[in-house]
There are 2 protein chains.
Amino acid sequence: MRASHFFISTLKEAPADAEIISHKLMVRAGMIRRLGSGIYAYMPMGLRVIQKIENIIREEMNKAGAIELLMPIVQPAELWQETGRWQKYGPELLRIKDRHDRDFIIQPTSEEVITDIARNVIKSYRQLPVNFYHIQTKFRDERRPRFGLMRGREFTMKDAYSFDRDVEGLKKSYQIMFNAYVNIFNRFGLKFRPVAADNGAIGGSGSHEFHVIAETGEDALVYSRESDYAANMEAAIALPPVQERAAPAHTMQKVPTPGQKACEDVTTFLKQPLSQSLKVIAAIRTEIPEGQPGHFAVILLRGDHELNEIKTQKNIGEFRFASESEIIHHLGCPSGYLGPVGLQNRQDLALYADHAVTVMSDFICGANEKDMHFTGVNWERDVPLPSIIADFRNVVEGDPSPDGKGTLAIQRGIEVGHVFQLGTRYSEDMNATYLDENGKPQLMQMGCYGIGVTRIVGAAIEQNNDERGIIWPLSIAPFEVVLCPLGYDRSETVRSTADSLYGELKKLGIDVIMDDRGERPGVMFSDWELIGIPHRIVIGERGLKEGKLEYQGRRDREATAVAIKEMVPFIREKLPRNG
Amino acid sequence: MRASHFFISTLKEAPADAEIISHKLMVRAGMIRRLGSGIYAYMPMGLRVIQKIENIIREEMNKAGAIELLMPIVQPAELWQETGRWQKYGPELLRIKDRHDRDFIIQPTSEEVITDIARNVIKSYRQLPVNFYHIQTKFRDERRPRFGLMRGREFTMKDAYSFDRDVEGLKKSYQIMFNAYVNIFNRFGLKFRPVAADNGAIGGSGSHEFHVIAETGEDALVYSRESDYAANMEAAIALPPVQERAAPAHTMQKVPTPGQKACEDVTTFLKQPLSQSLKVIAAIRTEIPEGQPGHFAVILLRGDHELNEIKTQKNIGEFRFASESEIIHHLGCPSGYLGPVGLQNRQDLALYADHAVTVMSDFICGANEKDMHFTGVNWERDVPLPSIIADFRNVVEGDPSPDGKGTLAIQRGIEVGHVFQLGTRYSEDMNATYLDENGKPQLMQMGCYGIGVTRIVGAAIEQNNDERGIIWPLSIAPFEVVLCPLGYDRSETVRSTADSLYGELKKLGIDVIMDDRGERPGVMFSDWELIGIPHRIVIGERGLKEGKLEYQGRRDREATAVAIKEMVPFIREKLPRNG
């Protein structure tokens, strides 16, 4: 490609609404243009990256035996009514009416449509297993679209759906997809980590997320440095403590703590470590009718721990946090001064504790009285342990790994893929059956497998950038090599050397762009560093006099002089597939 | 590809709603599945054809210097309000509201979005000309979707938009696209014809349609067998007759024609040729207020000619046909008995005639009296010619070609492409300007260029099919070659021959599918004939004993025996690109 035949449009300044680096750099590099909130046009430079990502996904999906089709963007509401998602899906689902006032949706995902196809085209066990995928535009009407392609409304996703005869088959299909995802992310050249995810009703290893590692990532990933254990924060298991509870050393005392409510404030005020305090969370269990015992729930955590809402929901059912007035109404005391002492005989509330709480001694907790706390509180002696003890908290760095191997570490990630064992969640609602060997109808076992194509563009940049701009991994760079001739329009020797090098690289199938725009060297270099092309070759008169060209990798601090004749083999070595 | 790793799903019967052959065959061949009215999933076999079509388009667009980007499907209403299309576009435009009650549309086309991009990224004359294109899903909410992919609601289209400094530049860009389209349709291997189309406000050669020739086509294409002249029926010019009007031979007589209203009935009743009668059409000119002179219009045509509504609109402005009650109210006589005699002095209506009418003599027309006609009517002698004479009719086979070379012929076509010189239609409304050499802002000259990707699939089948199924042109066939081993699972020699032939063809880059499903020969053959693979090779034990394989082209009536060793070169010769 010659730059004069392409469209390059870089900006000095990022737009005001760009909050994160990938969004800023994508706009500045001329890869995307905003048309509305969360809606972008992919400009030529951006589309090249997207197409490279799609091609890698397509190749690996095909290699894994998945079959490409294409499902529509506008989907009839009837199918979504069959599974109940028409009702249950929130306002993210864009619902529309056609000219005849019939209901449709713009697909955020395609479980219903693929299940409808499967129940119609799959008749017999002989047609299973099968895995269909498509790469298609999706729409989710986010309340607050932001972060450019990271949380847009219109985006591109690859979604695959496997159909199997039984759970064993599903597990095999799932593993094949898991492996394909590992291959795909390896080929992207991104540092990534698959982590176990919460998978709702289905137990076991039924769901994994694939995250691109980036300090700016929204998700916390938990992993063991000593083993393969990895999970997202929602799903990471906190083991019960192995140590014994220490014997009481102090007597329980009520102390005034005027205006000190948060555990941090109370312990600072009392000059005690945060871990010595008890965090008390009041919740309303929405599945239990108001007025029934257990409707109001109190959960105890160690002061330095955080509540894990997903685990909490698994332990106590659907819930919401109690409001200040509900707390005062039920406990007769404002939040910030709550504690278990005195609640032990209350039949109208449910009391829970996290495992870590059970080994605390001489701890601090609220006295259920404004501006007052207890110190030196001990289980059994001063107050009985709650009867229900479970895992309620987020793990922290240094916790033991649940597989018994080493301790846990935490890093940030950006979720770009998700594989999920659906089981019969959709095939049951939609009666998607096949006939088994005995001619009996059986529900198909389904899995679904998504990759956020456009999100990967953002994630790749979050992981790979510097003060000069984007640093693309080779396999998804808009171009692999850029040629920067200095004075292409003035110097005959520069032009002829550049043209012949360009021709040679093209012939080798190398994705090269020649900057023949006639810009000044400074503009040229900063444009291509901003855009992030991995390999740059400068052709200048001064170098040519000595028979040299200049090579600089995007991460290199300095250029390397390379003899003209050596340049092609030199570059080929940098491009493994051509090596 | 092995059939066992692909998804083949053929049907014996076409669905009841399939009215045309391409729709029937596409459903039977398992290429598409209907999900709702005018909404289809493209099944794996269908998607392969679509992708081949897209790749050819992409290659030729790139070769022609156009630059690919991707514009969103959901577009903000504001842009459509700027050009007035938000108001003007009919109910085909799917209008939606997001969760914040803001207006959006699902794109049927992207003039507004590309013009918005252009006005933002194009600053200077140095950036022109430029041509952006995308291949994207479109939606048009057709009142009555039908004919499968031929008139669906959701469909795929390639649309390109050129931006130029001036009209001269636009004409060049237009010609480049015209030539690219010729290359694209040639590569599809389809019989096609570009025809001049009506282009509204812009004169000259500002618009062409590309039609796939098919007897079942909805459009009539007019062309000269002796020259390059070609136009669609709407735009084809009917020249004024060159012969003189014959002298009157009869006297005008009023004759009873009880119940005879249509020209056909009247002339049959009177035993006269149809061309001897006058067709009288009453219209309401909607741009002229009711009650004003000229609001009611009468147009005269030769009895065997048809009114061309596009030409009529150009001649008399926006109009609609008068209702029966309006006709009776204005002319005091029911339709079917109208004629010019007696209307000559009416100041309250406008009287028009088609050129062909002016050379009629001794003609028949209504007497403006129920059940009565005149015969032997002659211009000037009995009634003056209307003052406005113009081209109001559709051309007919045998009319002289407007370029003076030969006579016109008519064939049927399916519109699959359209190139159009927009001029400043959009750049003016949206103030899309660039700075010229003198730093003065100038409006960009635009062109737009569409190809209906999914429609081509239907059109190709309408053109190429027989009683056994589809006959794909090689370049867009889902597979180029199918191998049909007889007893792949039983016979070792069959399997090893098939496997090694399959491997050899794959290595040559030939798009081959091997039918290893284990179906009976009859099922296998009829499946692949229905699906329409151009080349079939049968590997059977009987043939192998004599060292032979069987080749049959999709259009061949009989198979040809080919020696095993000869088969690869034999096939390569059938695939020109591999030859």
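Overview of values
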| item | result |
| --- | --- |
| Condition broken by B:S496, with the remaining ones in (1) in contact (Cβ under 8 Å) with a residue 60 or more places away in the chain; (2) more than 37 Å from the chain's Cα centre (by Cα) satisfied | (1) |
| The range A:385-401 residues that are over 11 Å from A:N308 (Cβ atoms), paired with ones that are assigned to a loop (DSSP other than H, G, I, E, B) and among the aromatic types (F, W, Y) (beta carbon under 9 Å, 6 or more apart) | A:S401/A:Y229 |
| Selected residue (criterion: farthest from A:R28 (Cα to Cα)) from residues of the range A:141-163 that are of a type in the set (D, E, K, R) and either buried (at least 22 other Cβ atoms within 10 Å of the Cβ) or in contact with a His (Cβ under 9 Å, 6 or more places away or on another chain) (or both) | A:D159 |
| Elements of type strands (runs of 3 or more DSSP E) in the range A:147-235, at least 2 residues being of a type in the set (V, I, T) and over 30 Å from B:D98 (Cα atoms) | A:207-213 |
| Qualifying residue in the range A:385-407 (condition: farther than 28 Å from A:F178 by Cα, β-branched (V, I, T) and crowded, with 21+ Cβ neighbours inside 10 Å) | no |
| The range B:315-370: number of residues that are part of a helix (DSSP H, G or I) and touching a residue at least 60 places away in the same chain (Cβ under 8 Å) | 6 |
| Failed criterion for A:I328 (all others in (1) touching a Ser or Thr at 6+ places or on another chain (Cβ under 9 Å); (2) within 28 Å of A:A220 (Cα to Cα) hold) | (2) |
| Some residue of the range A:279-299 being in contact with a strand residue (DSSP E or B) (Cβ under 6 Å, 6 or more places away or on another chain), under 23 Å from A:P400 (Cβ atoms) and modelled with pLDDT of 95 or more | yes |
| Residue list for the range A:94-114, restricted to those being assigned to a helix (DSSP H, G or I) and either within 9 Å of chain B (Cβ to nearest Cβ) or surrounded by fewer than 16 Cβ atoms within 10 Å (Cβ to Cβ) (or both) | A:V113, A:I114 |
| The range A:546-560, subset under 37 Å from the mean Cα position of the chain (by Cα) and not in a loop (DSSP other than H, G, I, E, B), residue farthest from A:L25 (Cα to Cα) | A:Y551 |
| Residue match in the range B:110-119 (condition: touching a residue at least 40 places away in the same chain (Cβ under 8 Å) and more than 28 Å from B:V167 (Cα to Cα)) | no |
| Test: residue in the range B:566-575 that is surrounded by 14 or more Cβ atoms within 10 Å (Cβ to Cβ), within 20 Å of B:T10 (Cα to Cα) and touching a residue at least 12 places away in the same chain (Cβ under 8 Å) | no |
| Residues of the range A:115-128 satisfying the condition of being touching a helix residue (DSSP H, G or I) at 6+ places or on another chain (Cβ under 9 Å) and either facing chain B (nearest Cβ under 9 Å) or at pLDDT below 95 (or both) | A:D116, A:V121, A:Q127 |
| Residue match in the range B:8-22 (condition: in contact (Cβ under 8 Å) with a residue 60 or more places away in the chain, in a helix (DSSP H, G or I), over 21 Å from B:A160 (Cβ atoms) and more than 8 Å from chain A (Cβ to nearest Cβ)) | yes |
| Residue match in the range B:233-245 (condition: charged (D, E, K, R) and farther than 30 Å from B:N465 by Cα) | yes |
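The values are calculated or read from the model by the stated rules, or taken from the named source; none is laboratory data. Because the structure is a prediction, the values reported are computed rather than measured. Every residue, glycine as well, gets a Cβ built from its backbone with ideal geometry; the counts of neighbours run over all protein chains shown.
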